[in-house]
Amino acid sequence: TGVGGYIGAAVVGNLLADGVPPEQIRVTSRNEETLARWRARGVQAFRADFNDRDALVQAFRGADHVFMVSTMEVGTVRQRQHRNAVEAAKEAGVGHIVYTSFLNAEKPDVDSFELTDHKFTERLIRDSGMRYNFLRNNQYADAMAENQAAIAITTGKSIGNAGKGRVGFVARDDVAAVAAKLLQGKGEPDTAYDVTGPEALDYGQVAALIKELSGADFEVIDLTDEEMYAMWDALGVPREATGDFSNSPVPWCSDGMVSFGRMIREGHLDRVTDVVERFTGSKPKSLRQLMLERRHTWPKPPAKG
């Protein structure tokens with residue numbers, strides 16, 4: 001699913017590179033141009049999205065394994081979409097689901113606004129009776145090498161509420177490589193895997209890397225949760241996922257962003273595993289490596305003086 005996105009497309013690329021015949025692969029997307037590109041490569045392609053349960057049943061029918069990418073909407077909308085996908089897979093006779101979850105989804109004492117959706121979805125899949133594997137991913141390193149870097153360089157500020165909490169940032173390419181192996185039966189059935197990068201860094205260390213590799217100078221500002229809410233309120237960002245996003249500069253609610261920072265600050269993402277190397281035979285990509293690959297896309301630092 002979600003082959004129009006980065007992870008979904010990368011998983012298919014890995015399957016093809018591993019020698020899976022294209023006619024044995026099927027993809028779904030809402031976009032006809034995306035589907036046409038995959039059909040041109042010999043892959044079966046179906047128009048479907050998580051809001052249309054019937055279309056999902058048709059797309060999944062006859063499939064042995066489904067790679068289920070979590071959707072972008074947070075809260076009740078995403079939970080409804082994920083229920084559609086799980087129920088459609090069950091009805092279509094799918095035997096195995098690989099789902100992109102998040103670190104700590106199994107821990108009742110750890111929570112954030114977005115983690116609630118992953119806990120909900122994992123429970124749906126476990127209760128479905130299908131075999132499963134959960135990719136409990138750490139935070140994507142790509143978000144640091146792309147968005148975080150560009151914002152800090154452009155605005156002269158790197159603002160957060162994560163304190164000194166560390167994160168085992170993982171590259172999306174490494175997540176996709178592990179997912180492709182799970183779809184080919186490499187993992188243990190009904191097992192979750194914590195997928196991380198090779199080291200844990202705090203946001204101050206991330207900022208130092210951006211400064212070093214860009215030559216930019218910017219201020220690193222650590223706010224309290226209340227100060228973060230006030231900042232997002234002033235920018236017109238709704239606190240709840242069901243709020244009014246018409247004037248919001250970002251598509252995420254502040255409840256999600258603030259609770260995510262708090263989860264980092266409390267140490268819940270300070271985890272590094274060998275899962276990537278165990279499944280792929282290659283060491284996971286470091287944040288520095290990823291930044292070196294992406295820095296050609298960074299804006300130029302503002303002229304000094």
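The values are calculated or read from the model by the stated rules, or taken from the named source; none is laboratory data. None of these values were measured; they are calculated from a predicted model. Using ideal geometry, Cβ is built from the backbone for each residue, glycine included, and neighbour counts are taken over all protein chains shown. Note: areas computed on protein heavy atoms with side chains; ligands, DNA, RNA excluded. Shrake-Rupley method; radii C 1.70, N 1.55, O 1.52, S 1.80 Å.
Assess whether Gly13 counts as being within 23 Å of the chain's Cα centre (by Cα) and either over 28 Å from Gln79 (Cβ atoms) or surrounded by fewer than 20 Cβ atoms within 10 Å (Cβ to Cβ) (or both).
Here the answer is yes, as Gly13 does meet what is asked.
Can you give me the number of residues within the range 278-305 that are free of Cβ contacts under 8 Å to residues at least 12 places away in the same chain, within 29 Å of Gly185 (Cα to Cα) and in a helix (DSSP H, G or I)?
1
Taking strands (runs of 3 or more DSSP E) that fall entirely within the range 51-163, which contain at least 1 residues that are among the aromatic types (Phe, Trp, Tyr) and in contact with a Leu (Cβ under 8 Å, 6 or more places away or on another chain)?
65-68, 96-102
What number goes with the only condition from (1) more than 17 Å from the chain's Cα centre (by Cα); (2) under 17 Å from Ser29 (Cβ atoms); (3) among the β-branched types (Val, Ile, Thr) that Val94 does not pass?
Result: Val94 passes all but (2).
Going by the structure shown, is Val175 open to solvent by less than 10 Å² (accessible area, probe 1.4 Å) and hydrophobic (A, V, I, L, M, F, W, C)?
yes
Within the range 17-26, does at least one residue satisfy the condition of being outside any loop (DSSP other than H, G, I, E, B), modelled with pLDDT under 95 and not small (Gly, Ala, Ser)?
No: zero hits.
Which condition number in (1) over 18 Å from the mean Cα position of the chain (by Cα); (2) touching a residue at least 40 places away in the same chain (Cβ under 8 Å); (3) open to solvent by 10 Å² or more (accessible area, probe 1.4 Å) is the one that Gly185 fails?
All conditions pass for Gly185, except number (2).
Any idea which residue in the range 113-148 is modelled with the lowest pLDDT, counting only those that are under 16 Å from Val167 (Cα atoms) and open to solvent by less than 10 Å² (accessible area, probe 1.4 Å)?
Checking each candidate, the answer is Leu115.
For Thr28, which of the numbered conditions (1) surrounded by 17 or more Cβ atoms within 10 Å (Cβ to Cβ); (2) farther than 24 Å from Glu73 by Cβ fails to hold?
All conditions pass for Thr28, except number (2).
Quick grid of which residues meet (1) at pLDDT below 95; (2) within 19 Å of Asn138 (Cα to Cα); (3) of a type in the set (D, E, K, R); (4) not in a helix (DSSP H, G or I):
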site: Tyr193; (1), (2), (3), (4): no, yes, no, yes
site: Glu199; (1), (2), (3), (4): no, yes, yes, yes
site: Gly204; (1), (2), (3), (4): no, yes, no, no
site: Ala208; (1), (2), (3), (4): no, no, no, no
site: Leu213; (1), (2), (3), (4): no, no, no, no
site: Ile221; (1), (2), (3), (4): no, no, no, yes
site: Glu226; (1), (2), (3), (4): no, no, yes, no
site: Ala230; (1), (2), (3), (4): no, no, no, no
